[in-house]
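Q: What follows is a structure written as structure tokens; I'll ask about it next.
The values are calculated or read from the model by the stated rules, or taken from the named source; none is laboratory data. All values reported here derive from a predicted model rather than from experimental measurement. Cβ atoms come from the backbone with ideal geometry, glycine included; neighbour counts cover every protein chain shown.
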Amino acid sequence: MIALAYYVYRRQGVTNASEFITAGGRARLGLTTASFAVTWMWAGDVLGVPQYVGITGIAGIWMYAAPAVLSSLVVIPFALRMRRLFPQGLTYSEYFLERFDSRLPHLAVVCVVLYTMVLGGIIQLFVGGAVIGGLTGISPTVVNAVLVAIIGAYILLGGLWSSMTTDFVQFVSAIVLTLVFVPFLVWQAGDPNVVYQHAVTNLGGQADAFFSMGNLSSLEGLFLPYALGLGVWGVVSMATWQRVFAVRRDKTSRFLTVGGIGVFTTIAMYGVIGVVGLSAFPEVSPGNLSVETLSLLPSWAAVVFILVTLMVLGSSVDSYLAAIASLASRDIYYRHWNRDADSSEQLSVARYASIVFAVVVFAGTEFVSGRLSFVTLLLIGGIGASGLVGPFALSLFWRCTSAGPFVAGVVVSQLVTAYLLLGNAALPGWVGLKLWEIMAVGHIVSTGLTALGSAVTPDDFAFADLPDEATRADGGEER
Amino acid sequence: MISETTFLVLLGVAWVSELGFGALISYWFITQGFGDDAATAATTAPLESRRSVRLSLAAWATFFVVLLAAIVFLN
């Protein structure tokens with residue numbers, strides 16, 4: 001991967017911030033779509049999808065996949081609007097500096113994006129280390145340290161170009177993995193007919209529900225919290241926006257559509273692992289179903305499977321790391337620290353930031369291990385998404401959206417949802433809500449406060465003026 | 001509960017869809033390469049056409065109709 005990154009670094013001439021952060025806005029459709037899709041394929045999917053199938057049957061496949069797919073759909077109107085108003089941004093958060101007179105909205109957005117991106121990196125390592133460690137017996141700490149060192153090195157070289165190029169290799173590997181090894185696993189368990197018959201026998205009275213796509217018994221627990229959190233994650237994820245700004249403008253909705261729907265097919269293939277597990281390991285708990293089922297593979301195949309899983313893990317972590325480095329360089333250093341920084345200085349800052357945040361993500365992963373569960377981490381990330389997406393939409397499509405209510409909506413919703421999620425009955429005003437209800441409260445508070453406040457103290461923003469003021473096609477220098 | 005035949009069909013559809021997805025992306029990459037070397041910034045590229053956006057939305061609509069149909073009818 002490092003060698004490949006070096007080749008791309010030389011070939012594409014990554015010598016300014018624009019190339020590092022958004023691949024100069026000239027990445028081709030195939031490369032961008034592969035990168036987008038594989039960023040959404042988590043190493044945790046190998047564990048998570050079979051677990052969902054183990055809990056609720058084949059309906060677990062769409063319950064797991066739909067939030068990720070939904071995220072790609074939801075981001076399309078945002079992406080099309082942004083690329084009209086802000087044709088070649090480097091980070092989407094810079095839009096808020098142009099949209100509002102105050103710097104506060106930008107600072108609020110940067111804080112949310114920074115913690116969601118760092119958390120995203122931590123979640124990837126957290127789950128990936130557990131998966132690889134579980135399959136190999138190697139300590140997750142060692143897995144994570146090696147992975148972060150490798151990823152940090154290649155992001156340092158080529159930024160988004162490195163991330164996207166290595167993503168393509170990882171994408172092809174992941175596709176081959178599902179096309180070859182999942183059927184291989186089915187035949188290791190007998191054949192598809194045997195898998196079905198054994199699973200039905202093992203499930204007994206539960207077979208009706210487990211082999212029904214319409215089994216909605218786990219909708220509130222497995223689907224809704226993630227649909228409301230992860231389902232809008234794409235809108236706030238800097239990794240998504242880097243790819244939106246990287247691809248040519250006339251391909252924006254196409255890459256989001258093909259990438260998003262394609263992820264569903266990959267997750268469906270992972271679901272087959274769960275069905276094989278129901279057939280071959282009826283006594284195993286859903287959480288261990290994947291690891292046990294993969295033990296059906298001969299050792300050489302298991303090694304290949306683990307290597308590809310490692311690559312998929314790397315693709316997501318590198319995307320988050322490139323995103324954080326870009327945010328640190330453009331939104332923090334250039335926008336708030338040194339407005340005189342030229343493109344080459346911003347590039348240097350991005351490279352330093354990629355090293356610093358690689359260490360931060362690794363240290364954060366070690367810190368949360370044993371303290372917080374995977375689900376809690378995901379939900380904390382969902383809080384960030386639920387607090388930002390509504391105000392962001394209003395700022396893009398409604399000229400009356402004003403700075404004060406925007407900040408109030410983002411900040412208050414974060415505080416309210418965090419209180420509801422992490423609090424307990426001993427705290428004043430705390431109400432016990434289901435996870436999906438907490439996410440819904442986040443959306444209602446953030447969007448409602450921004451809309452009501454803006455109705456009372458409206459702005460009168462002229463969107464038509466934005467492109468001329470905001471376009472920065474040269475890596476940062478003012479026009 | 002879906003029948004054994006339906007289960008086999010679903011497996012086949014999933015595999016073929018995954019193959020199609022991988023093939024399409026690989027085709028795009030092989031025929032287009034890494035980046036548009038002639039472009040200096042995406043501001044030079046036109047906005048996406050309405051037809052292209054409508055095609056994308058039609059693909060999404062088809063996807064969700066098929067998914068909903070599966071949820072409703074594959075019981």
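Q: What single numbered condition from (1) touching a Pro at 6+ places or on another chain (Cβ under 8 Å); (2) buried (at least 20 other Cβ atoms within 10 Å of the Cβ) fails to hold for A:G133?
A: Tallying (1) touching a Pro at 6+ places or on another chain (Cβ under 8 Å); (2) buried (at least 20 other Cβ atoms within 10 Å of the Cβ), A:G133 fails exactly one: (2).
Q: Let me ask something additional. Looking only at residues in the range B:1-39 that are facing chain A (nearest Cβ under 7 Å) and outside any helix (DSSP H, G or I), which one is surrounded by the fewest Cβ atoms within 10 Å (Cβ to Cβ)?
A: Per the stated criteria, the residue is B:G33.
Q: Which residues, counting only those in the range B:45-73, are facing chain A (nearest Cβ under 7 Å) and more than 20 Å from A:L85 (Cα to Cα)?
A: Answer for the range B:45-73, where residues must be facing chain A (nearest Cβ under 7 Å) and more than 20 Å from A:L85 (Cα to Cα): B:S56, B:A59, B:W60, B:F63, B:L67, B:A70, B:I71, B:V72.
Q: Determine the pairs where a residue that is closer than 17 Å to A:C111 by Cβ, located within the range A:412-427, has a partner that is assigned to a helix (DSSP H, G or I) and polar (S, T, N, Q) with Cβ atoms under 6 Å apart, the partner being 6 or more residues away or on another chain.
A: Pairs that qualify, where the first residue is closer than 17 Å to A:C111 by Cβ and the partner is assigned to a helix (DSSP H, G or I) and polar (S, T, N, Q), are A:S413/A:S446.
Q: Still on this structure, I have one more. How about the range A:87-135: which of its residues are away from chain B (no Cβ under 14 Å), over 17 Å from the mean Cα position of the chain (by Cα) and not in a helix (DSSP H, G or I)?
A: Answer for the range A:87-135, where residues must be away from chain B (no Cβ under 14 Å), over 17 Å from the mean Cα position of the chain (by Cα) and not in a helix (DSSP H, G or I): A:F100, A:D101, A:S102, A:R103.
Q: If we only count helices (runs of 4 or more DSSP H) wholly inside the range A:212-281, which ones have 3 or more residues that are within 18 Å of the chain's Cα centre (by Cα) and away from chain B (no Cβ under 12 Å)?
A: A:224-228, A:233-236, A:238-246
Q: Among residues belonging to the range A:282-294 that are out of contact with any Pro (no Cβ under 6 Å at 6 or more places or on another chain), among the hydrophobic types (A, V, I, L, M, F, W, C) and in a helix (DSSP H, G or I), point out the one that is modelled with the lowest pLDDT.
A: That would be A:V291.
Q: Does A:T457 satisfy being hydroxyl-bearing (S, T, Y), surrounded by fewer than 20 Cβ atoms within 10 Å (Cβ to Cβ) and at negative phi?
A: Taking the combined requirement at face value, the residue satisfies it.
Q: Given the criterion assigned to a helix (DSSP H, G or I) and either more than 18 Å from the chain's Cα centre (by Cα) or within 30 Å of A:S299 (Cα to Cα) (or both), identify the matching residue among A:I150, A:I138.
A: A:I150
Yes or no, residue by residue, for (1) closer than 22 Å to A:L85 by Cα; (2) of a type outside the set (S, T, N, Q); (3) surrounded by fewer than 17 Cβ atoms within 10 Å (Cβ to Cβ):
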| site | (1), (2), (3) |
| --- | --- |
| A:I380 | no, yes, no |
| A:I383 | no, yes, no |
| A:L388 | yes, yes, no |
| A:A408 | no, yes, no |
| A:V411 | no, yes, no |
| A:T417 | no, no, no |
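Q: Follow-up question, since we're still on this one. If only one of A:A145, A:A149 is more than 14 Å from chain B (Cβ to nearest Cβ) and within 30 Å of A:S344 (Cβ to Cβ), which one is it?
A: None of the others qualify; the one that does is A:A149.
Q: Can you tell me which residue in the range A:22-40 is surrounded by the most Cβ atoms within 10 Å (Cβ to Cβ), limited to those that are more than 8 Å from every other protein chain (Cβ to nearest Cβ) and out of contact with any Phe, Trp or Tyr (no Cβ under 8 Å at 6 or more places or on another chain)?
A: Only one residue tops the list, namely A:T39.
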